[in-house]
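Here's the structure we're looking at; comments come further down.
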Amino acid sequence: GNAARVQAVQNIVNRQAMPGKTPESLSSLWASDVFTLSKMKESLPKEVFKSVKKTVEAGAELDVSIADVVALAMKDWAISKGALYYAHVFYPLTNLTAEKHDSFISVQSDGSVISEFSGKVLVQGEPDGSSFPNGGIRSTFEARGYTAWDVTSPAFIMTTDNGATLCIPTVFVSWTGEALDKKTPLLRANAAMNKAAQRLLSILGHIDIAPVNSSCGAEQEYFLVDTNFVSLRPDLLLSGRTLFGVAAAKGQQFDDHYFGAIPERVQVYMQDVEEQLYRLGIPAKTRHNEVAPGQFEIAPFFEAANVATDHQQLLMTILKHTAKKHGLVCLLHEKPFKGINGSGKHVNWSVGNSTQGNLLDPGSTPHSNTQFLLFCGAVIRGVHLYGPLLRAVIASASNDHRLGANEAPPAIISVYLGTQIDNVFEQISNGEITGSLNAGVMDLGINTLPVFNKDAGDRNRTSPFAFTGNRFEFRAVGSGQSVAGPLVAMNTMLADSLNWVADTLGDKMAQGTDLDTAILKTLKEIIDQHGAVVFGGNGYSAEWHKMAVEERGLANLKTAADALPVLCESYIEKLFHELGVLSPVELASRFEIYAEQYILAIEVEAKLVVSMAKTGIFPAAAKYLAHLSSTLSGLKSYGIELGNEPMARIAELLTAMMAAVVKLSTALSQHGFSDIEEQMQFCAKTIRPLMDEVRQYADTLEGEIADELWPYPTYQEMLFIK
Ligand code: ADP
Ligand code: MG
């Protein structure tokens, strides 16, 4: 390799190993940096604690008068853990986490200092929000945004090189009350789903129904690459993915050698990550079973969706920060390497409460199965009606590389149920239920529903939205994305469907139909009207892509440019508005922001392609040509003819690459789009293909030019040297 690459490899080979720590016992680590309910119980007066607990567990409104007492206890605890600062943590419409830090220290009039933290500052903060995207909600002269304490997500201590900080999870809203963040709609969507689920459960005869909440367990994939390599790759540094480079001769087929041989260095890293997560009460377990070389996975145990979402954000932050400490870069990009599996985030989702349990868990009695089928049917209806929304909430420039490539779920959103449940719905649709407890054809009746076999063993890896025994798994979510958007969409569509089910049952019963018959009729309506979204076959196949669109009328929104405009559709606006999740203004602002992010991401990449081609690849190829030509003429003077074919081929590739670079530069300077949708389409249909064109020539050149001249670390180096 060239000098810089050789140096990088040498640095890695000679690096001092980070000493592995002896892990502390789990019981001493576990949630030690979290202001948990049990710590509150110890430090708060009984009445105050009761009130907080009610808010956390039953969603009761926060009694603001107790804030001072809680703040004091929280401050004392934080200071005892070494914290000097506190921060309201919030989740703006990037996929990042934002914090506004303040000191506990307050200077008195006599010049002395005391530590201070009042209820007022616990409950509300006022960060300078003007630097966060707001999609036109706040004009700059009204740039105020407020953060407000989310009591349902526990406060914690974050320790970095700058010291320890008490972190308080908050929502972030404009001064007019509009959501500027990802948490606010999640809390609202959860509330809407709870309300609808309560309605249905009470129709089904339950009394004393505990609040229904959604749960989320997110499996996170990521790549690790040594910092020495990344610093030589402007594309990885600035866009998170390689814009040039060819898969190593040993690609994924190499995996049998790779498994079981996680470099010690990575293991030490994982241990470090886990320890920090345990301190924060995040129940994570690393896995080593990813398909691509250099790729890993970490999956926390599921928790309440709101807390899981905050924890997921923390997890991404910790993965990245800790990597730096270990001389690694953690890539959360969905497709850092071409020709090698990308990274996703499987969002496992269910809904339930403490009185009825997991409502997506098939029960052991026909009665609980009916309830399950109604909730499951509601999900099917939701995915059918709002599939394009599910596609839109995972739309990004980076996730586009994954969806639809034959390794990740297709961009067509369908539901996989497994043969058993498929079968039951089919029978309901046919009006006959067989295969029940008693053999033979039964009357159409609840009591004849078969008992489900719990571990419905069949799995379908190609489905974007799969039922996996007691939950749905949304697999098309990108590795770098917040899980909030998908959870908002799922809970909202479910709320809508549960309301529809409750309305439909109510109508039928008002006409004198008994509950059991009304249920079966409703289920039949669902499967007859929405069964088109259920698909158990190979989601990667060309036949499915044709059938899904042509016969079943499902959308195939290939790029984010196709998918994001769904957010502007009137039926989506109506859905969010009616359920109180997002107002039309809030929704429109989200579209604006995500569309801008998409365009910006592609522009950054395209500029990098131009500059790397011009300043890195062209000079390397030209230098090689110069070498070759002097070698050839030198040999000629000895009467030896080497033939100029290699030179001619390289020259041709180089000329073609530079011609593509010119086309790309010209396209980049295009202005005057009639609207943002047109500009997104231009990025998808013109800029991206031109980037691919440049890359194709450059990647061929990589295989032609002397290795010692190639300026960028190769796939082989980045993926295999640790
Ligand atoms: P996989 O086979 O996909 O690797 P796992 O059984 O390991 O699945 O679980 C993946 C994730 O699903 C974990 O985070 C797990 O906690 C979560 N999970 C399990 N049950 C539920 C549930 N009822 N609701 C939500 N998430 C769940
Ligand atoms: Mg999974």
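Just wondering, is there one or more residues in the range 145-163 that are hydrophobic (A, V, I, L, M, F, W, C), surrounded by 13 or more Cβ atoms within 10 Å (Cβ to Cβ), out of contact with any Asp or Glu (no Cβ under 6 Å at 6 or more places or on another chain) and over 23 Å from ALA308 (Cα atoms)? Among the residues of the range 145-163, not one is hydrophobic (A, V, I, L, M, F, W, C), surrounded by 13 or more Cβ atoms within 10 Å (Cβ to Cβ), out of contact with any Asp or Glu (no Cβ under 6 Å at 6 or more places or on another chain) and over 23 Å from ALA308 (Cα atoms), which makes the answer no. Filtering the range 548-565 to residues that are among the β-branched types (Val, Ile, Thr) and over 22 Å from GLU334 (Cα atoms) leaves only VAL549. Tell me yes or no: at least one residue of the range 665-672 is surrounded by 13 or more Cβ atoms within 10 Å (Cβ to Cβ), in a helix (DSSP H, G or I) and of a type in the set (Val, Ile, Thr). Checked the range 665-672: no residue is surrounded by 13 or more Cβ atoms within 10 Å (Cβ to Cβ), in a helix (DSSP H, G or I) and of a type in the set (Val, Ile, Thr). When the residues of the range 317-347 are filtered to those that are more than 15 Å from SER479 (Cβ to Cβ) and not β-branched (Val, Ile, Thr), the one that is farthest from ligand 1 (Cβ to nearest atom) is GLY327.
Of all the listed residues (THR468, THR504, THR522), the sole one being within 16 Å of ligand 1 (Cβ to nearest atom), hydroxyl-bearing (Ser, Thr, Tyr) and farther than 17 Å from GLU407 by Cα is THR468. Is it the case that VAL347 is β-branched (Val, Ile, Thr), assigned to a strand (DSSP E or B) and away from ligand 2 (no atom under 16 Å from the Cβ)? Answer is no for this residue.
Residues are listed down the side, and each one gets a yes or a no for (1) acidic (Asp, Glu); (2) modelled with pLDDT of 85 or more:
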| residue | (1), (2) |
| --- | --- |
| ASP422 | yes, yes |
| SER429 | no, yes |
| THR434 | no, no |
| ASP443 | yes, no |
| ASP458 | yes, no |
| ALA466 | no, yes |
| GLY480 | no, yes |
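Does the range 169-191 hold any residues that are touching a Gly at 6+ places or on another chain (Cβ under 8 Å) and not aromatic (Phe, Trp, Tyr), and which are they? Residues satisfying the conditions are THR170, VAL173, SER174, LEU180, LYS182, ARG188, ALA191. Whether a residue is surrounded by 17 or more Cβ atoms within 10 Å (Cβ to Cβ), aliphatic (A, V, I, L, M) and over 30 Å from LEU186 (Cβ atoms) was assessed, and ILE676 does not pass this test. Within the option set SER215, SER202, SER174, being within 16 Å of ligand 1 (Cβ to nearest atom), surrounded by fewer than 23 Cβ atoms within 10 Å (Cβ to Cβ) and within 30 Å of GLU573 (Cβ to Cβ) holds for one residue only, SER215.
Within the range 411-425, the only residue that satisfies the criterion of being over 21 Å from LEU564 (Cα atoms), of a type in the set (A, V, I, L, M) and part of a loop (DSSP other than H, G, I, E, B) is LEU417. The single condition from (1) modelled with pLDDT under 90; (2) closer than 30 Å to SER231 by Cβ that ARG5 fails is (1).
Could you say whether any residue in the range 291-307 is within 15 Å of ligand 2 (Cβ to nearest atom), over 20 Å from SER214 (Cβ atoms), modelled with pLDDT under 95 and assigned to a loop (DSSP other than H, G, I, E, B)? Yes: the range 291-307 contains one or more residues that are within 15 Å of ligand 2 (Cβ to nearest atom), over 20 Å from SER214 (Cβ atoms), modelled with pLDDT under 95 and assigned to a loop (DSSP other than H, G, I, E, B). Scanning the range 511-569 for residues that are of a type in the set (Asp, Glu) and surrounded by fewer than 21 Cβ atoms within 10 Å (Cβ to Cβ) yields ASP514, ASP516, GLU525, ASP528, GLU543, GLU550, GLU551, GLU569.
The values are calculated or read from the model by the stated rules, or taken from the named source; none is laboratory data. Not measured: the values here are computed from a predicted model. Virtual Cβ from ideal backbone geometry, glycine too; neighbours counted across all protein chains shown.
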